[in-house]
Structure formats: structure tokens, C-alpha cells
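Here's the structure, in C-alpha cells; my notes come after.
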Amino acid sequence: MIRYTLMRLALLAAGLVVASVIIFFTLRVLPGDVAQLIGGTNSTPEQIAAIRERLDLDAPLAAQYLDWVGGVLRGDLGASLLTGTPVAAELAQKAQITLPLGALSLTIALLFAGPLGVISALRRARLGGTVIGVGAQTLAAVPVVWAGMMLVVVFAVWWGVLPAQGFPRDGWSDPGAALRSLVLPALTIGIVEGAMLLRFVRSATLQAMGQDYVRTAASQGLTRTRALIRHGLPNVGLSVVTVLGLQVAGIIVGAVVIEQLFSLPGIGRMLVRDVSARDLPMVQGELLALTAFVLLVGFVVDLVHRLIDPRQRESAA
Amino acid sequence: MSGSRAAWWRRLLSDPAGVTGVVIVLALLAVAALATFWTPYDPQTADVAGRWAGPGAAHLLGTDATGRDILSILMAGSRTTVAVAIGAGVIATTVGLSLAALGALTHRWVRESVAVLIDMLVAFPVLLIAMMISAVWGGSLAVVVWSVGIGFGVNIARVSRPELRRVLHSDFVVAARASGLSGWQNLTRHLLPNVAPVFIVQLSWSMAVAVLAEAGLSYLGFGAPVTDPSWGVLLSQLQQYLTVYPLSVLWPGLAITATVLGFNLLGDGLRDATDPTLRTRGGSARRARTHLPEVVA
């Protein structure tokens, strides 16, 4: 286990390095002058010079990169070109919306995909199972933005039970109001993300149902459903854990779009704003933070999987 | 090869999901072709007097805030969708097969490092790649095409690389090499045809991703220009009137969903039809395998 952890840790570190290199150099490979581009066509030579100075553009690229990475390692992700706000501070503040939104979305996805996925596998030959299967296949094709719009129409416009947009100005000081404004966005991401998870749970369950150990347990007097629940579901759970990393990446992407639709001041909206404004230091910090988060989740998921799957433990010993 | 190709066509067309996929994709192509020379109205012409007409005989799906015919915009927008899907497919193919070949056919240390690199790159979500490129070059359809192409190309590489390795060590390829076939002849005659099934399936799924990405990025303002007919742009324009005219938003969303569903089903059907291991076993084994598509937009 220790050997595996160290190896996986090295892979995580390598992943972070590759990510930082790709992000940094993509944002630097500009056609023309970065400073000119950021400043716009109306900027004076002095303004351009100031931007060059701020971004340290006259240093060699490799030195700029090392400088940036050095800062990142000290917790300094850089500062906005437009407002001077430190990226790390703003990220931490916006995470107060995006993290709960993501957690809530994931919870909804799991709650809805788990049971329905198993049921649709158990009843695959009946009408119910087919309806769930076709429904999940269709929902998985729905664009997240549009799913959000439809939920707004139903819950905010027709029934008026939930806010259509926005987040309380004073943040979490009124937890009830803050939570209410996260319900629809989380439901949107949770349903679309859950539809994909459902298809995965369904196929994992079908696979488990075909396994010898389930058949043996059934032949020893358990009903097939009980045999599946007792012996098959732990295996289904294991395979669900392996795709959680992918799910988290999907939720982050969903949050970028959904925060825009629901005017939630989270990390996704911040990224959209900064990409539009070409605030490169901000974009650079945000992309690195998001990628690092995805890689970190993948790392934790792999370790947890290793810990809870006895087969993997034995092969490691 | 031609005999087995006819057989997998038959298998594809005997599977309800596969047929649905084929029909939807063909319908999309037909609509896009038709829209190049005919739409009921000009999709760009505003008619303020006729704004927000409900669905009816004159305007099948109604009109928008400036009186443009929604059906015409959707038809013209299908051309954007098809162009993005094809463009992304071509780039994904190039990136995917090159990476797969680098990761399978080169020197040991090159191919091992390419394999690790592929595993890392897979973690990058397509939308983040697109935002990264947009921050530099500004948003455009080209950015959508490139980011989906690169993002999904890595996926194709991840799936095709082990397949290439497997075929490379199979007896018939070893025999072909021993009988003096050159590396290139081997690649085109034996390796690529054998990887093709896996690859075509991925390609179909990558087009579904491309359609979602175009819609999502155009919605965020990083895709098609607002003046172009595009489903994503239409979605964002209609969003402003969501509370007043909720029905109008239905149409672009349905168009996107149907198209994505079509490419996904086509991919599923192709996978089931081309995978020889699924042929003899029953339906449950076939349905027990599913791909987990990436949420892009």
C-alpha cells in the first residue's frame, strides 16, 4: 500500500507539472504582443509598458514559468490585471458557493442514480426498467443549460417555489436563503450528471448479476434479488467509486455553465468573466486550481478504491 | 473485410437503438443539406411586427424577439452543428490515431511516456480546454472544434492504443512481418482495419460531445458569433425571455438533445455491432457494457 501510495503520489505530482506547463504555455503562445492584446487597441505605449512590467514579459519564458510555479508553491497564484485582487483570495471566497453547489449536485446524482440504476437492471425485461433506461439515455443527451432553463420554468416561473436566479448578497449569513438559491442549480447538474451515473450503475449491476458468485448464492436458496443485494452490490459500489473522479470533473464543467445561467457568483462564473476580459493571470490561476482539484480527487479516489477493494490489497502484498 | 462489413451493418440495423441513431444522424444531415439552399424564411431577417408569434401555420415553431422564424434559425443552425461535428471528428481522428501510434509502435521508453501522458491528458475536461484557448484567441467556432478535437482525440488514443498493441502482437501480424511486409504496409493493411471498429465508435461519441460543446460554449459567448445561426446562440438569446415566453426555449433544446442522442445511440449501436465478443452471447452481456460520456455543456 505504501509503495502504491508513493507511486500514485509521484503520478499526481507529474500530472500537476504537466498541467501547469500546458496552462502556462498555452496562455503565453499568443499571436502578437500579449500586453497589446490585454491593453486593447486604444492603450497608450505607457500602459503597454506597465502591463509588460506587471507580467514580467521581458524575462525569458522559462524564467517566467519558474517564477509563477515558485509563487504557486508559496500559495501565491498571482493577481488580477484589472483589479489587482489576488487570485487565491478570490478563489477561496468563490469556493464558498461552488464547493457546496458541487457537493449538493454529487449527492443528488448519487441518490437518484444509485437506486434507479439497480432497479432498472433488475427489471430490465419489464416496462419499468425499459422506461428508466430510455429516460436515462435521453437525459444524458440533454445540454445542462437547457435542463436548467426547463427547471426554472417549472419551479420558478410556474410554481414560484424557488428563486430563478441569484445568491443572497450577504452570502451564508442566512443559510436557509443561501441553500434555497442552490437547490435548482444543484438539481440541474445532479439530474444530468446522475443520468450518466445511472447508466453506469445499471451496466455494473447487470454485470454483477451475471457473475458466478451471485448465481451460486441464488442456488443456495437466496432469491436472485437478495443474492444480488448481498453479494453483487458491494461490487457495483466499487465500480461507482472508480468513476467518481470523472463525475467530479463533469460537475465542475456543469458548474461553469450553470453558475452563469443562475447568476451564482462562484468559481465558474469567475472563470467566464476572466476569460472574456482576457485577465490572463486570473485565468491561469483558476485553470490550475480547477485542474489540481480534479487530479487530487482522482488521486484520493484511487487510494480509497485500493483500500476498500480486498482483491487489490492482496495483489499489492 | 467486405463480407463482415455487410454483416455488421445488418447487426446495426437490427438493433432498435442503432436504427434510431442512424435515422437521427441521417435526418440531421438531410436538414443541414436542405438548409444550404432553402429555409422557410430567411433566418437573419427581423420582422418586428411579427415578433413572438406562437407556433402555427405561418411559423411552425413561432418567432423570436425580433420576429425571426425559429424553425428557419434551427435549420440554418444545423449546418453549424454538422460543421462543428465533422471538424471536431477530423481533428480527433488525427490527434487520436497519431498519439495511439506513438504510444504503441515506437521505442519502449517513448511509448511508455506517451501512455502516461495520455492518461494525464484525459483528466482535462473539454470545456476547460476550450476556455483556455478562448482566453488567448477569443471565442470562435474554430476554438470549439479544436478543443473538442484535442480533448476527444486523447480519449480515442487511450482506447485505440491498447487495441493497436494487441493487434501488433497477434499471430497474423507477426506472420505478415515475417513474410516481409513493410511497416507501413502492415499498418494500413492489418493494424488500422483492426482498430477501426473501436475507433469509429469513439468517433461517433466524440461528435455527440462536439454538439454539446458547441451549444454550451456558444451559450457562454465563446462559440459561434451572435450573428450566426447556432442552436447555442439561440438558446442564450431566448433565455432573456424565459419567464415570458418559456415555450420558445423548448425548440433549440430539443434539437440539441435529439442530435446528441442520435450520435450516442449510433456509437452504442456500432459498438454492439462491431464487437465480435458480443456476437454469441445474449442481450444482457451486450447491455452490460456502457460508456460514460463526459458532461461538456
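The numbers here are math on the coordinates, done by the rules we state, and not lab data. Here the structure is a predicted model, which means the values were calculated and not measured. Cβ sites come from the backbone with ideal geometry, for glycine too, and all protein chains shown count toward neighbours.
For region B:26-90, with equal point scatterers placed on the C-alpha atoms only and solvent neglected, what are the log10 I(q)/I(0) values from the Debye formula at q = 0.29 1/Å, to two decimals?
-1.14
Taking each residue in B:133-140, count the Cβ atoms of any other chain within 10 Å of its Cβ, then average. What number comes out?
That works out to 6 on average.
Sticking with the crude label model, points 7 Å out along Cα→Cβ, report the distance from A:Gln220 to B:Ala58 in nm, one decimal please.
7.5
Give me the dipole magnitude in Debye, nearest 20, for the protein assembly as shown about the Cα centre, with unit charges on the beta carbon: positive for Lys and Arg, negative for Asp and Glu.
For the protein assembly as shown, the charge dipole is close to 2720 debye.
Provide the FRET efficiency to the nearest 0.05 for the A:Arg3-A:Thr83 pair, computing r from the beta carbons and using R0 = 56 Å.
0.75
Could you derive backbone 3J(HN,Hα) for region A:270-282 from the dihedral phi with the Karplus parameters 6.51, -1.76 and 1.60 (θ = phi - 60°), listing whole Hz in sequence and x where the residue is Gly or Pro?
Rounded to whole hertz, the list is 4, 5, 4, 4, 6, 5, 4, 7, 6, 7, 4, x, 5.
Using only atoms on other chains, find how many Cβ atoms lie within 10 Å of each Cβ of peptide A:246-255 and report the average.
5
Within 10 Å of each Cβ of B:116-125, how many other protein chain Cβ atoms are there on average?
6
Would you work out if region A:257-305 is rounded, prolate or oblate? Take a ≥ b ≥ c from the square roots of the eigenvalues of the alpha-carbon gyration tensor; rounded if a/c is under 1.5, else prolate when a/b is larger than b/c, oblate otherwise.
Judged from the Cα gyration tensor, region A:257-305 comes out oblate (a/c at least 1.5, b/c at or above a/b).
Under the rule of at least 5 residues apart or a separate chain, name every residue whose amide H is placed under 5 Å from the amide H of A:Ala79.
Under 5 Å from the amide H of A:Ala79 lie the amide H atoms of A:Val87, each far enough along the sequence or on another chain.
Could I have the simple spin-label model distance between B:Ala258 and B:Trp109, label points 7 Å from Cα toward Cβ, reported in nm to one decimal?
So the two model labels end up 5.6 nm from each other.
Over the Cα atoms of region A:236-317, how large are the radius of gyration and the largest Cα-Cα distance (Dmax), in Å?
Rg then Dmax for region A:236-317, in Å: 16.8, 53.
First measure r as the distance between the Cβ atoms of A:Arg273 and B:Val244, then evaluate 1/(1 + (r/R0)^6) with R0 = 30 Å and state the FRET efficiency to the nearest 0.05.
0.65
Using all C-alpha to C-alpha distances in chain A, build P(r) with 20 Å bins and read off the rounded percent in each one.
26, 49, 23, 3, 0
For region B:1-86, calculate the relative contact order in percent as a whole number, restricting contacts to Cα pairs under 8 Å that are 6 or more residues apart.
25
Output wanted: per-residue J couplings in Hz (rounded whole) for region A:20-27, from phi through Karplus 6.51 cos²θ - 1.76 cosθ + 1.60, θ = phi - 60°, x for Gly and Pro.
Coupling constants for region A:20-27: 5, 5, 4, 4, 4, 6, 5, 6 Hz.
Which ³J(HN,Hα) values, rounded to whole Hz and listed in residue order, are derived for region A:54-64 from phi using the Karplus coefficients 6.51, -1.76 and 1.60 in 6.51 cos²θ - 1.76 cosθ + 1.60 with θ = phi - 60°, glycine and proline given as x?
4, 8, 6, 6, 7, 6, x, 3, 4, 5, 4
Using the Cα atoms of the protein assembly as shown to build a convex hull, what is its mean projected area in square nanometres?
In nm², the orientation-averaged hull projection of the protein assembly as shown is 33.1.
Subtract the Cα-Cα distance of A:Val134 and A:Leu99 from 0.36 nm times their separation in residues, and report this length gain in nm to one decimal.
9.5 nm
With point charges of +1 on the Cβ of Lys and Arg and -1 on the Cβ of Asp and Glu, referenced to the Cα centre of the protein assembly as shown, which listed residue (B:Ser160, B:Phe263, A:Leu73) lies farthest in the positive direction of the dipole?
B:Ser160
Could you quote the convex hull projected area for region A:65-165, Cα atoms only and averaged over all directions, in nm²?
11.0
If contacts are Cα pairs under 8 angstrom and at least 6 residues apart, what is the relative contact order of chain A in percent?
RCO, chain A: 25 percent.
Between A:Thr44 and B:Val19, what is the spin-label point distance in nm, taking each point 7 Å from the Cα along the Cα→C-beta axis?
7.3
Residues of region B:19-35 with backbone nitrogen within less than 14 Å of a virtual label 7 Å along the Cα-to-Cβ line of B:Val90, please, listed as ranges.
From region B:19-35, the list is empty.
So if I take the alpha carbon set of region A:77-127, get Rg, then get Rh from the Kirkwood formula, what is the Rg over Rh ratio?
That ratio equals 1.43.
Over chain B, what is the relative contact order in whole percent, taking alpha-carbon pairs under 8 Å and six or more residues apart?
24
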